[in-house]
1. For residues that are surrounded by 19 or more Cβ atoms within 10 Å (Cβ to Cβ) and within 12 Å of another protein chain (Cβ to nearest Cβ), tally how many sit in segment A:184-197.
2. Suppose we keep only residues that are aliphatic (A, V, I, L, M) and within 12 Å of chain B (Cβ to nearest Cβ) within segment A:198-218. Which one would you say is surrounded by the fewest Cβ atoms within 10 Å (Cβ to Cβ)?
3. Could you list all residues from segment B:80-94 that are part of a helix (DSSP H, G or I) and over 25 Å from the mean Cα position of the chain (by Cα)?
4. For the structure I just gave you, tell me whether residue B:124 is in contact with a helix residue (DSSP H, G or I) (Cβ under 6 Å, 6 or more places away or on another chain) and in a helix (DSSP H, G or I).
5. Pairs needed: first member in segment A:44-69, part of a helix (DSSP H, G or I); second member anywhere, of a type in the set (Lys, Arg); C-beta distance under 7 Å; at least 6 residues apart or different chains.
6. Quick one: which of B:174, B:167 is more than 13 Å from the chain's Cα centre (by Cα) and either at pLDDT 90 or above or facing chain A (nearest Cβ under 7 Å) (or both)?
7. Considering segment B:177-193 alone, what residues qualify as being part of a helix (DSSP H, G or I), facing chain A (nearest Cβ under 7 Å) and either more than 11 Å from residue A:49 (Cβ to Cβ) or touching a residue at least 60 places away in the same chain (Cβ under 8 Å) (or both)?
8. Sort out which residues of segment A:79-106 are free of Cβ contacts under 8 Å to residues at least 12 places away in the same chain and either outside any loop (DSSP other than H, G, I, E, B) or surrounded by 17 or more Cβ atoms within 10 Å (Cβ to Cβ) (or both), and write them in order of number.
Amino acid sequence: MLRRTRAGGSFIAVARGVAWRNLHNHFSHPMYFVPSLVFPLLFFTAFTGALGALTNVRGFDFEAGYEGFQYVFVLIQTAAFGGVFTGFAIARDFETGFARRLLLAAPNRKGIIAGYAIAALGRWVFTAVIVTGVAFAAGMTVPAGPGVLPLYALALLINGAGILFASGVAMRLRTVQAGPLMQTPVFLALFLAPVYVPLAVLEGWIHSIARYNPVTAFLEAGRGFLVGRPSGVGLAFGLAVALLLAFGVWALRGLRNAETSG
Amino acid sequence: MREFTRQVSVLGRRSIVRTLRQPASIVPALLFPLILLAVNAGGLRSATDLEGFPSESFLDFALGFAFLQGAVFATVNCGTDLARDIQTGFLNRLALTPVRGVALILGQLAGVAALAVVQALVFLGAGLAAGASVRAGIAGALVLLILSFLVSVAFAGVGALLAVRTGSGEAIQGLFPLVFAGLFLSSMNMPRNLIEADWFRAIATINPVSYLIEGLRSLILEGWNALALLLSFGIVAALILVGIGGAILALRTRLARV
């Protein structure tokens, strides 16, 4: 029992230390946090500003306007990329040798992954607050009122899946040059979904892909939460939890890989 | 003059070899514009149903933007390479030789110029293979390639200017979001007359990037639009003057500093 308590204590101590260091590094270096903030704001501004006319397309019917429609996409995107960008930090820690020292010093190495996951969450919360503020300033309405809260729970799960996926890659390859391998699959999954118009309005090959893309389920459920008519909630949360579990195993195996690499 | 040509040729060869040896510079510069083109052409197809949209195919409409997005990579690649030369002391050692600043900048642009040729051919080839057509015909396609090449060189010149001024690769990478903002806050996804948000239309109208895209796009969608092409070539000339000219002037100070 005592042993279990100590193990639990070391897990928390390691997680807390890793999370604090990562958050401190992130927020004290503008070159790290500015891009992670600028890109979602840029997407939101550019899409809502330029593409508002798409609401006139036949079949496009969304109560919260184009701002709300894009807000859900950008929120999900920040959640996923919040995880991916933290994966970059892990790779950087391996390149500088810090991660190796961390592996030697940490009494509970699973705490390292937990620490990075907490940092990813902290980074996402910061970005999400700013993006939400900008969306409201741009005129977004939330017909669902407090009923929108499950959207944030869904985004939180996606953020967790994102960091676990990226940490699995980072711990296997242990170089910043692995960045495209973390970024590209997430980018493709996000953009091969109904980003600009609802699924029903999409046509051609992209519609065929979007139908089976898990991100479509996240966006459709998220947009449903925003307008107070949730649909496909079970599917979206089920997929998010499944991704979280699968990438959790992927990340833990990545950790083993890093441990055995010497 | 012969000595100057030799200097440009030696430094140019070095720049081209360095570019070819860095797949991380080449692959994203070729792949990302194509991915975004495919995604936008599919995802925004319904925009062609809007009244007044200038094309029945969003692929035709979006193809011009791929060339410009490729040019953004030129800015970052050229800037980062030159900044690395400053950081590693290569420029300091060059300052001890009779090499001229103009030769150094022109040579440095050779790698980006070579990549720009490949990019232009790949983007046009991929677009045509996917079903796009160039309304201005074969001559128009040639002008498209030339304009695209010049845009890349002009953007690379801006990258070189920033590199000489800051001397830091990280600073160049940090400017990437700003360059990207310049692209997104333009008429890249929608003709300016169909942008409903007044504030966004105003930004897109004063953003020179809009005119670069519209020049490239005009050859694909309209045929020969003298005004669009004149604006495009004019902006490219101004960028070359500011970027490359500014980099050469700034290099004098930096070479004198070492």
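The values are calculated or read from the model by the stated rules, or taken from the named source; none is laboratory data. On a predicted model such as this, the values are computed, not experimentally measured, just so you know. Neighbour counts are summed over all protein chains in view; Cβ atoms, including those assigned to glycine, are modelled from backbone coordinates with ideal geometry.
1. 9
2. My answer is A:200.
3. B:90, B:92, B:93, B:94
4. Criteria not met by residue B:124.
5. Partner pairs satisfying both residue conditions: A:69/A:223.
6. Matching residue, one of B:174, B:167: B:174.
7. Passing the criteria: B:177, B:180, B:181.
8. Residues satisfying the conditions are A:93, A:96, A:98, A:100, A:101, A:104, A:105.
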